[in-house]
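Participant: Please see the structure below; I have some questions.
Derivation of every value follows stated rules applied to the coordinates shown; laboratory data play no part. Worth saying up front: this structure is predicted, and the values here are computed from it rather than measured. Because the Cβ atoms are built from the backbone with ideal geometry, glycine has one as well, and the counts that use them run over all protein chains shown.
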Amino acid sequence: MQLYGALILLVSISAALGLRCYVCPGAKCNYIQTCPPFFDRCASAEVRGNVVKSCFTNALCVSPVSCCDKDLCNGAGPTGPGVMLLLLSSALVTLFL
């Protein structure tokens, strides 16, 4: 019974603390922020060549902003160049075959 009580307490505390996201206004994206109430998404976007990460609300999560809802889920870098590299390599293989 004590295990159930401890589990309920742990879940309540983690929910009360709010979502944690990476926040960066510029090049370094190593700041972690606990989002204020009603900010229920971590967001990442590229603005004029710079990656910007912050806490967002679900209503603001429209393209080109990508959002997620887990702690520190916006830590990965943008995936755009990887897709371009894949397309370029496919084109080169097709050209030489």
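Participant: Kindly rank 39-48, 52-61 from highest to lowest mean number of other beta carbons found within 10 Å of each residue.
Facilitator: Ranked from most to least packed, the peptides come out as 39-48, 52-61.
Participant: In nm, what is the difference between 0.36 nm times the number of residues separating K70 and T34 and their Cα-Cα distance?
Facilitator: Working: separation 36, 0.36 × 36 = 12.96 nm, distance 1.19 nm.
Contour length minus Cα-Cα distance gives 11.8 nm.
Participant: Can you give the extra length, in nm with one decimal, that the chain gains between V47 and A59 once fully stretched, where that is 0.36 nm per residue apart less the Cα-Cα distance?
Facilitator: The V47-A59 span can extend by a further 2.4 nm.
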